[in-house]
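For reference, the structure is listed below as structure tokens.
Coordinate-derived values only; no laboratory data. Bear in mind the structure is a predicted one, so any value in this text is a computation, not a measurement. In this analysis, Cβ positions are derived from the backbone assuming ideal geometry, glycine residues included, and neighbour counts consider all displayed protein chains.
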Amino acid sequence: MRIEQRNNIRINQAANPADGAPIATIVFAHGFGCDQTMWRYLEPMFRDRYRTVLFDLVGSGGSDLTAYDFDSYTSLQAHADDLLQVVKAVSDGPVICIGHSVSSMTALLASIAEPQRFAAQIMLAPSPCYVDDPDAGYYGGFSRADIDDLLGAMDSNYLGWASTMAPVIMGTPGQPALGEELAHSFCRTDPNIALHFARTTFLSDHRADLPRNTTPALIVQCDDDFIAPMPVGDYLRANLPHSTLQVIENMGHCPHMSAPQACHAPIRAFLDGLHL
């Protein structure tokens, strides 16, 4: 199967800028339990100047579910390899990658492997490691027992877990429709794939990869996010070379949905500063 169908790639062409400058490409990579539709609030804000690319991770949304290999996808590197294939399919030059949550780390791995293909990376609510490491003084937000309980709840009653946790993860009590949308997105995902990807996500640890980064990076951290709390953003800023940290006022883990304007402003300013 062609990668365009495997990953359900969608491309939006921007009009030529007034100054005739080349149009840069932004590739949007969604997070766990989601698909490309979750970008519909943020992505259109960039169409005036950029060519935008949306796709679904293998196992999510409109991707080819039969392409999900349970042996390969035990590591985020497999998703990074997929991202590189998407980038090569949609652009001859370096791209900007905007990744949400776990896809921020996927994009990091891809940019480390082939840095010439990335002009910049934007990390929305990222975390290099979700599990606390007291011996190293690292606070990821969860104990290993917490993660085991989370995965156990998913395994025993995935639909119940999705309905309960989605509003908490979204974190927008004033916008209940967003929590319901995330719950529906979780429920559309094959439970076996969702649990497998959750294990890969929440048990991953990419702290050792951070110093290898050479791509300019913007970390967009929410000031109230229990999945990726503030100490995680501080850790990333201190350990990820060529990075800038921007904290936005937002409750929850999905600022591209609950606070798209607050996300857009620092991203646009960051890219303008890089002349991209």
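At a Förster radius of 22 Å, what calculated FRET efficiency corresponds to the Cβ-Cβ distance of Arg199 and Thr244, to the nearest 0.05?
That gives a FRET efficiency of 0.10.
If R₀ is 45 angstrom, what is the calculated FRET efficiency for the pair Lys88 and Cys187, using the beta carbon separation as r and rounding to 0.05?
0.85
Counting only DSSP beta bridges with both residues in the chain, what percent are antiparallel, rounded to the nearest 5?
Of all bridge pairs located within the chain, approximately 15 percent are antiparallel.
Could you work out the mean projected area of the convex hull around the alpha carbons of the range 194-236, in square nanometres to one decimal?
On the way: hull surface 16.1 nm².
The number I arrive at for the range 194-236 is 4.0 nm².
Which value at 222 nm does the chain reach when only helices count, each DSSP H run of 4 or more adding -39,500 (n - 2.57), with the total divided by all residues and rounded to the nearest 500 deg cm²/dmol? Before the final figure, lay out the partial values.
Working: 10 runs with 110 residues, N = 276.
Rounded to the nearest 500, it is -12000 deg cm²/dmol.
What residues have an amide H closer than 5 Å to that of Phe142, excluding those fewer than 5 places away on the same chain, when H is modeled at 1.01 Å from N in the peptide plane?
Amide H neighbours of Phe142: Asp132.
If I stretch the segment between Arg237 and Thr164 completely, what's the gain in nm (0.36 nm per residue apart, minus their alpha carbon distance), one decimal?
That works out to 23.1 nm of additional length.
Hey, what D do you get for the chain in µm²/s if you plug the Kirkwood alpha-carbon radius into Stokes-Einstein at 20 °C and 1.002 mPa s? Working shown, then result.
On the way: Rh = 18.7 Å.
Approximately 115 µm²/s, per Stokes-Einstein.
Given the range 1-100, what percent of its DSSP beta bridges are antiparallel, to the nearest 5?
25 percent
³J(HN,Hα) across the range 208-224 via Karplus (A = 6.51, B = -1.76, C = 1.60, θ = phi - 60°), whole Hz, x for Gly/Pro?
5, 7, 4, x, 7, 6, 10, 9, x, 9, 10, 9, 9, 10, 7, 7, 9
For a quick check: with amide H placed at 1.01 Å from N, whose amide H comes under 5 Å from Cys222's, ignoring anything fewer than 5 positions away on the same chain?
Amide H to amide H, under 5 Å and 5 or more residues apart or across chains, Cys222 pairs with Ala125, Ile248.
Pick from Ser258, Ser91, Ser72: which is most flexible by mean-square fluctuation in a GNM of the chain where alpha carbon atoms under 10 Å apart are linked?
Of Ser258, Ser91, Ser72, the Gaussian network model singles out Ser72 as fluctuating most.
Separation of the range 195-221 and the range 96-131 by C-alpha centroid, Å?
7 Å
Only sites in a loop by DSSP and with at most 10 other Cβ atoms within 10 Å count here; which trypsin sites (Lys or Arg not before Pro) in the range 1-95 make the cut? Intermediate values should be presented prior to the final figure.
Numbers: sites: Arg2, Arg6, Arg10, Arg40, Arg47, Arg49, Arg51, Lys88; in loops: Arg2, Arg40, Arg47, Arg49.
In loop regions of the range 1-95 (DSSP not H, G, I, E or B), the sparsely surrounded trypsin sites (Lys or Arg not before Pro) are Arg2.
DSSP beta bridges in the range 119-276, what fraction antiparallel, as a percent rounded to 5?
Roughly 15 percent of the DSSP beta bridges within the range 119-276 come out antiparallel.
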